[in-house]
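Input: a single structure, listed below in structure tokens.
The values are calculated or read from the model by the stated rules, or taken from the named source; none is laboratory data. Quick caveat, the model's predicted, so the values are computed rather than measured. Heads up, the Cβs are rebuilt from the backbone with ideal geometry, glycines too, and the neighbour counts pull from every protein chain shown. Areas reflect the complete protein model, heavy atoms only, side chains present, ligands, DNA and RNA absent. Shrake-Rupley method; radii C 1.70, N 1.55, O 1.52, S 1.80 Å.
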Amino acid sequence: MIPPLPDHMLRQLGRTEGDADTLGVLVRDQDTRRLLLLRALLDAAGAAPADVLPPQALDRLRQDWALLERAERADRTALRTVLLHPLVGPWAQRCLSGLSSPGPATGPGPGPELRADLDHLSALAAAAAIRAGIPFTTRLTAHGGLLSLPTLGALRTETEASAPVDIAFSGDELTMRETGQESISAHTHPDGTTGSGDPRWLPVLALPAVQSGIGPVPLDDVDPYRTDGRGLQRHGLSAATHIDDHERKAWAESWAGVAPLLAIGGEHRLTEAAVLLRCLVPLGPPPGSGPAGEGTAHCSGTRREAFGAVLSSRPATPAYFASTLVHELQHTKLSALCALLPLHHEDATPRHFAPWRSDPRPFDGLLQGAYSHIALADYWQRFALSARRVTHRDLAWAEHARCREQVGAVLPVLAGSAELTREGRVLVNEMIALYHRLDDCPPPAGHLARAEAYVATAKVIWQQRNGPHRP
């Protein structure tokens, strides 16, 4: 039997690296899972009882699916751009759940949440047809004041209630008309972006690609499924936000400096951003940072069901923007690897100390955190060794020393687990080797001492908060 991932690729990933071929294995597996999820959604719709999905709603779903098939015949790449957009994943899982396990009946037909989810399939089909250049006319439904066309943009409607919107597309012109309102036009451009002189149209901002030969990176602030709206503050994240023209300019200016800073971390950092990053979702300032998000306060995260998306408040500097991508793309990478093959058989009990969190972590969370932090330690060390300005060098050494000490505090737990699989053991051993290689260029003594004190203090506070019975 051929292993799903050869050992030389697994060792690359253990070093938090990965060339295009290695990352491509993870991407193909995730893409296949997405397409299977969409097929499962279609099957669930066909099997749903009439009180959940009435015949007319099922007919509309099949019409939307037929439009997706037309788009595939016309331009398969265009279709995949839409269906593999990260934020389609959360929608598909939610829609499938609604069809398979509907809530209490409130009347004939789907409930309001499932109805909105099913309406979104119509918007997905329309977006795919637009990207594929297929002329069409249809009626869509806006919810919550927006009609989102995934990957393209959204129409801001006059009402927050559900509202029908007639749309037509031909050539490169998209016409939209909310019932009772004047129509608006938007134009599609060869690079897949859109534009309109009407302020009701909110285009998705496209940030330039980090490498030539790949597409731009969408900064998606209009997709209704970019967060699930639950538990964000518990994880230190703020809510998703819409950004105005001033904020768009600030994001674009910060992004312009990211590629050369990623390159400082090694060619593999550019490669992973080029291969894995499919969209950015802007978040508001971190909870507790004040209305303007002053200083360097920052929050970011990923969602396993939204492969390729990084959710982030706007980093204070391009250097922190680059480090955010390094951090979050390790989570993307490791989550995809764990979906491909098991790394351990530990249970999900939250019991482990992690210096980057105040709460006990399950083993899998400990592995995820150590993996992302050792990548950061490596990145900041390279940054420090290349920095010309003393202030930049000091900042980088401080970040490196803190991340390295944090990882050193948890590596014994990871290495000592008897529940690691053979592949998990290979991965952890490579992490340990990278950790020791960082010793070749140690940080200045002062930074090291402060990092050691930081981790020791974090452990004392953690034990006081979580009890002495904790390890």
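Overview of results
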{"item": "Total residues in the range 147-162, condition assigned to a loop (DSSP other than H, G, I, E, B), small (Gly, Ala, Ser) and under 18 Å from ILE243 (Cβ atoms)", "result": "0"}
{"item": "Set THR227, THR175, THR138: member being more than 22 Å from the chain's Cα centre (by Cα) and in contact (Cβ under 8 Å) with a residue 12 or more places away in the chain", "result": "THR138"}
{"item": "Considering residues of the range 157-172 that are among the small types (Gly, Ala, Ser) and over 30 Å from the mean Cα position of the chain (by Cα) only, the residue surrounded by the most Cβ atoms within 10 Å (Cβ to Cβ)", "result": "ALA168"}
{"item": "Neighbours by Cβ (under 9 Å, 6+ apart or cross-chain): first from the range 264-285, without any contact (Cβ under 8 Å) to a residue 12 or more places away in the chain; second surrounded by fewer than 22 Cβ atoms within 10 Å (Cβ to Cβ)", "result": "GLU267/ASP19"}
{"item": "PRO86 being within 19 Å of the chain's Cα centre (by Cα) and not in a helix (DSSP H, G or I)", "result": "yes"}
{"item": "Test: residue in the range 328-337 that is in contact with a Lys or Arg (Cβ under 7 Å, 6 or more places away or on another chain) and in contact (Cβ under 8 Å) with a residue 40 or more places away in the chain", "result": "no"}
{"item": "Conditions (1) part of a loop (DSSP other than H, G, I, E, B); (2) of a type outside the set (Val, Ile, Thr); (3) under 17 Å from the mean Cα position of the chain (by Cα); number of the one not met by PRO190", "result": "(3)"}
{"item": "Answer residue from the range 27-53, given it is among the hydrophobic types (A, V, I, L, M, F, W, C) and not in a helix (DSSP H, G or I) and is most open to solvent (accessible area, probe 1.4 Å) among those", "result": "ALA50"}
{"item": "Residues of the range 298-317 satisfying the condition of being closer than 16 Å to GLU253 by Cα and either modelled with pLDDT of 95 or more or among the small types (Gly, Ala, Ser) (or both)", "result": "SER312, SER313, ALA316"}
{"item": "Residue match in the range 71-79 (condition: of a type in the set (A, V, I, L, M), under 17 Å from LEU36 (Cα atoms) and touching a residue at least 24 places away in the same chain (Cβ under 8 Å))", "result": "yes"}
{"item": "Residue among THR16, THR32 that alone is at negative phi and among the β-branched types (Val, Ile, Thr)", "result": "THR32"}
{"item": "Any hit, the range 127-146, residues being among the aliphatic types (A, V, I, L, M), open to solvent by 10 Å² or more (accessible area, probe 1.4 Å), touching a strand residue (DSSP E or B) at 6+ places or on another chain (Cβ under 8 Å) and part of a strand (DSSP E or B)", "result": "yes"}
{"item": "Candidate set: the range 416-453, residues that are more than 30 Å from the chain's Cα centre (by Cα) and in contact (Cβ under 8 Å) with a residue 12 or more places away in the chain; chosen: the one farthest from SER358 (Cα to Cα)", "result": "CYS441"}
{"item": "For ALA154: the one exception among (1) farther than 16 Å from SER196 by Cβ; (2) under 22 Å from the mean Cα position of the chain (by Cα)", "result": "(1)"}
{"item": "Given (1) assigned to a loop (DSSP other than H, G, I, E, B); (2) crowded, with 18+ Cβ neighbours inside 10 Å, index of the condition ILE214 fails", "result": "(2)"}
{"item": "Of all residues making up the range 58-70, the number that are free of Cβ contacts under 8 Å to residues at least 12 places away in the same chain and either crowded, with 21+ Cβ neighbours inside 10 Å or under 14 Å from HIS120 (Cβ atoms) (or both)", "result": "0"}
{"item": "Residues that are aliphatic (A, V, I, L, M), loosely packed, with under 13 Cβ neighbours inside 10 Å and not in a helix (DSSP H, G or I), drawn from the range 418-467", "result": "ALA418"}
{"item": "Flag for SER386 being of a type in the set (S, T, N, Q), open to solvent by 30 Å² or more (accessible area, probe 1.4 Å) and in contact with a helix residue (DSSP H, G or I) (Cβ under 7 Å, 6 or more places away or on another chain)", "result": "yes"}
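The rows are residues; the columns are (1) open to solvent by 10 Å² or more (accessible area, probe 1.4 Å); (2) part of a helix (DSSP H, G or I).
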| residue | (1), (2) |
| --- | --- |
| ALA322 | no, yes |
| LEU325 | no, yes |
| GLU328 | no, yes |
| GLU346 | yes, no |
| THR349 | yes, no |
| GLN368 | yes, yes |
| TYR379 | no, yes |
| HIS392 | yes, yes |
| ALA396 | no, yes |
